[in-house]
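Below is one structure, written out as structure tokens, with a few remarks after it.
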Amino acid sequence: MAKKRVVLTFPPELTEKPITYHLVKDFDLAINILRAKITPGEEGKLVLELSNGSEEMIKKGLDFLVQQGVGVEAVSKEISFTDEDCIHCGACTAVCQPGALQINPDTGRLRFEKERCIVCELCVPACPLGIIKVLF
């Protein structure tokens with residue numbers, strides 16, 4: 001099963017149109033909304049995981065979005081922190097609902113599982129040292 005995570009940027013004039021509906025209906029894609037900030041009349045952002053389709057159907061769906069005037073960027077996110085600066089206190093793990101940040105029970109050190117991250121950014125303010133950054 002093909003999967004792709006993308007950031008969609010909707011110009012103000014498109015925020016009230018059901019554009020993502022067509023990804024499901026016309027391209028047979030399953031969409032998982034990971035993060036959204038859409039306000040009518042303002043630029044909107046949507047982080048989606050597209051799946052259940054072939055790479056070809058995902059590409060066709062993304063091409064459709066571009067044709068409609070939606071900005072499409074691949075999510076190339078990662079949590080960045082300097083291991084030497086981390087005190088491995090686990091404060092960030094308390095707010096990480098998908099479990100992307102965990103304390104390794106064998107080593108007591110923080111580990112990050114990138115594939116589980118949903119770009120919620122709750123870990124950033126949870127870090128008492130302020131060393132966690134989310135990079136796009």
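Output the number of residues of the stretch 28-82 satisfying the condition of being under 19 Å from the mean Cα position of the chain (by Cα), closer than 25 Å to Glu16 by Cβ and of a type in the set (Lys, Arg).
3
From the list Leu46, Leu50, Leu34, Leu23, pick out the single residue that is touching an Asp or Glu at 6+ places or on another chain (Cβ under 8 Å), surrounded by 15 or more Cβ atoms within 10 Å (Cβ to Cβ) and not assigned by TED's automatic domain parsing to the domain that holds Val124. Lay out the reasoning, then the answer.
Values: Leu46 fails: touching an Asp or Glu at 6+ places or on another chain (Cβ under 8 Å); Leu50 fails: touching an Asp or Glu at 6+ places or on another chain (Cβ under 8 Å); Leu23 fails: touching an Asp or Glu at 6+ places or on another chain (Cβ under 8 Å).
Checking each option against the conditions leaves just Leu34.
Which of (1) more than 21 Å from Leu14 (Cβ to Cβ); (2) out of contact with any strand residue (DSSP E or B) (no Cβ under 7 Å at 6 or more places or on another chain); (3) charged (D, E, K, R) is the odd one out, the single condition Arg111 does not satisfy?
Looking at each condition in turn, Arg111 falls short on (2).
If a residue has to be touching a residue at least 40 places away in the same chain (Cβ under 8 Å) and among the β-branched types (Val, Ile, Thr) to count, how many in the stretch 35-65 make the cut?
Of the residues in the stretch 35-65, 2 are touching a residue at least 40 places away in the same chain (Cβ under 8 Å) and among the β-branched types (Val, Ile, Thr).
State which residue pairs qualify: first residue under 8 Å from Ser80 (Cα atoms) and of a type in the set (D, E, K, R) and inside the stretch 124-136, second residue at pLDDT below 90 and not in a helix (DSSP H, G or I) in any location, beta carbons under 6 Å apart, and separation of 6 or more residues or different chains.
Lys133/Ser80
Using the structure shown, decide if Leu8 is crowded, with 17+ Cβ neighbours inside 10 Å, within 18 Å of Lys114 (Cα to Cα) and outside the structural domain of Ile103 (by TED's automatic domain parsing).
Values: crowded, with 17+ Cβ neighbours inside 10 Å: yes; within 18 Å of Lys114 (Cα to Cα): no; outside the structural domain of Ile103 (by TED's automatic domain parsing): yes.
When the stated conditions are applied, Leu8 does not pass them.
Condition first: aliphatic (A, V, I, L, M) and under 24 Å from Asn32 (Cα atoms). Now tell me which residues in the stretch 93-136 satisfy that. Quick ask: steps written out before the conclusion?
Of all residues in the stretch 93-136, those aliphatic (A, V, I, L, M) come to 94-95, 100-101, 103, 110, 118-119, 122, 124, 126, 129, 131-132, 134-135.
Matches in the stretch 93-136: Ala94, Val95, Ala100, Leu101, Ile118, Val119, Leu122, Val124, Val134, Leu135.
The values are calculated or read from the model by the stated rules, or taken from the named source; none is laboratory data. Being a predicted model, the structure only gives us computed values, none of them experimental. Glycine gets a Cβ as well: all are built from the backbone with ideal geometry, and neighbour counts include every protein chain shown.
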